[in-house]
Structures are given as C-alpha cells and as structure tokens.
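Participant: A single structure is presented below for examination.
The values are calculated or read from the model by the stated rules, or taken from the named source; none is laboratory data. For clarity, every value in this text was computed on a predicted model and none was experimentally measured. No Cβ is skipped: glycine too gets one built from the backbone with ideal geometry, and neighbour counts run over all protein chains shown.
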Amino acid sequence: MSKLRGLAEIWYEGLPSVNFTWTEWKEKLELGFPSKRNYHADLQAMLNRTKRSEKSYAKYYYEKMALLNRCKIQGTDAVSCIIGGIYDNVVKTGASAGNHQTPESLYGYLTSLTTEKNRESSAKVSGKNKFGNFRNNKSVKTTGRTICEEKEKRDTTKRTERRCNFCRRNGHLEEECFLKKKSKPTI
C-alpha cells in the first residue's frame, strides 16, 4: 500500500487491522470513500461538449458518448444530444434526416463524412483547391470564390481614397458618380 497518498494513506494507517476478506475491503472502501455524483455537473459537461472544427467526428462521437454514458442517456435521446452538439447545419440536417435510432447508427453516418480539414489537406496533396481547380489559377482566390483580377485590384483601394473627377467628392469614381448620371440630358 505504499502507493497510497493523502487521505487514503491516513485512512489506511488508521485501520485497526488489515486482515480482511475482499468483500470486507470493498465494504470498508465504500464506507470510507463514498462516491459523490454531481448529475448536474455531468449533464452540463455533456451539453457543453460540441463538435469543434479541428476534431474529427469520430473523436467528437466518442467524447460525447462517454459523457452520455455517465449521465445514463441512451437510444434516441443520446442521438438527439450528439446531433445537438454539431454546429455545421448541413451535417446536422443530414444527421436528423437519417432518423437514427441508435448512437451507433449515427456514428456510421458521421464517420462517412469528410471534414473540411480533411478536404483541405487532401487538396494540398493533389495540388488543387477544394473546388478542383489548380491553385496557380490567378482568377481563383484561396477562399474559393472566382473573382477577376481587375475587380480584385479595385477592391484593394479603400473607398475613402477614391475621388470622383466629376463632383470632386470622396468615396467613388467618376464612372460610378450618381450626380453625373443624374445631370445627363435625356433624349
């Protein structure tokens, strides 16, 4: 019993005898160290466990299931709690639509998904972005939106730095000038 520390060591040294059967040891340990369970704290921890983008669905599932088991939540209630911790609306809707009756069934669905992180890392290996375009294509930004280079250059200029040559006001260029458009005679 050299591994006992703190209160356990004091308790052990205070015993009148150490010659007990296993049943007697178990009884003494349960009386000496009653297990306290704070269901509210367990439930709160389970509800606070959500799917983080850097973690896989498998890791999220097992972490959530450990907390659900501690709270003795099973079946469709467990499925509902697992889905409730997912923030990705597409995945959440798909999981709900699957009408899963058991957490294991939901696990099969979740592990079939490719997370955004996995898609990006496989794109780095293939040399393509997440839309299948090669990364050196200058008309594609890293966010995946297609933007022509002209518009990209225009967007880098701050609105306050733009000055209209027609009305001399800041914030727009002559071709966007409302006063110029308004002053043109209609034929």
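Participant: So which residues in the range 156-187 are at pLDDT below 70 and surrounded by 10 or more Cβ atoms within 10 Å (Cβ to Cβ), if there are any at all?
Facilitator: Matches in the range 156-187: 157 only.
Participant: Report, by residue number, each residue of the range 42-51 that is under 14 Å from the mean Cα position of the chain (by Cα) and surrounded by 11 or more Cβ atoms within 10 Å (Cβ to Cβ). Full working, then the answer.
Facilitator: Residues of the range 42-51 that are under 14 Å from the mean Cα position of the chain (by Cα), as a first pass: 47-51.
Across the range 42-51, the qualifying residues are 47, 49, 50, 51.
Participant: Please pick out the residue among 55, 92, 64, 59 that is in contact with a Pro (Cβ under 9 Å, 6 or more places away or on another chain), of a type in the set (Lys, Arg) and either over 26 Å from residue 37 (Cβ atoms) or assigned to a helix (DSSP H, G or I) (or both).
Facilitator: Answer to the check: 64.
Participant: Still on this structure, please answer the following. Hey, residue 11 hits all of (1) more than 15 Å from residue 68 (Cβ to Cβ); (2) assigned to a loop (DSSP other than H, G, I, E, B); (3) not basic (Lys, Arg) but one; which does it fall short on?
Facilitator: It fails just one condition, (2).
Participant: Considering only residues of the range 20-53 that are polar (S, T, N, Q) and without any contact (Cβ under 8 Å) to a residue 40 or more places away in the chain, which is farthest from residue 10 (Cα to Cα)?
Facilitator: So the first thing to find is which residues in the range 20-53 are polar (S, T, N, Q), and the list is 21, 23, 35, 38, 44, 48, 50, 53.
Right, trim to without any contact (Cβ under 8 Å) to a residue 40 or more places away in the chain and you get 21, 23, 35, 38, 44, 48, 50.
Details: 21: 21, 23: 21, 35: 18, 38: 26, 44: 34, 48: 37, 50: 41 Å.
Out of the qualifying residues, it is 50.
Participant: Are any of the residues in the range 33-41 surrounded by 12 or more Cβ atoms within 10 Å (Cβ to Cβ) and either in a loop (DSSP other than H, G, I, E, B) or not polar (S, T, N, Q) (or both)? Write out each step before concluding.
Facilitator: Filtering the range 33-41 for residues surrounded by 12 or more Cβ atoms within 10 Å (Cβ to Cβ) gives none.
Within the range 33-41 (the criterion being surrounded by 12 or more Cβ atoms within 10 Å (Cβ to Cβ) and either in a loop (DSSP other than H, G, I, E, B) or not polar (S, T, N, Q) (or both)), the answer is no, since none of the residues qualifies.
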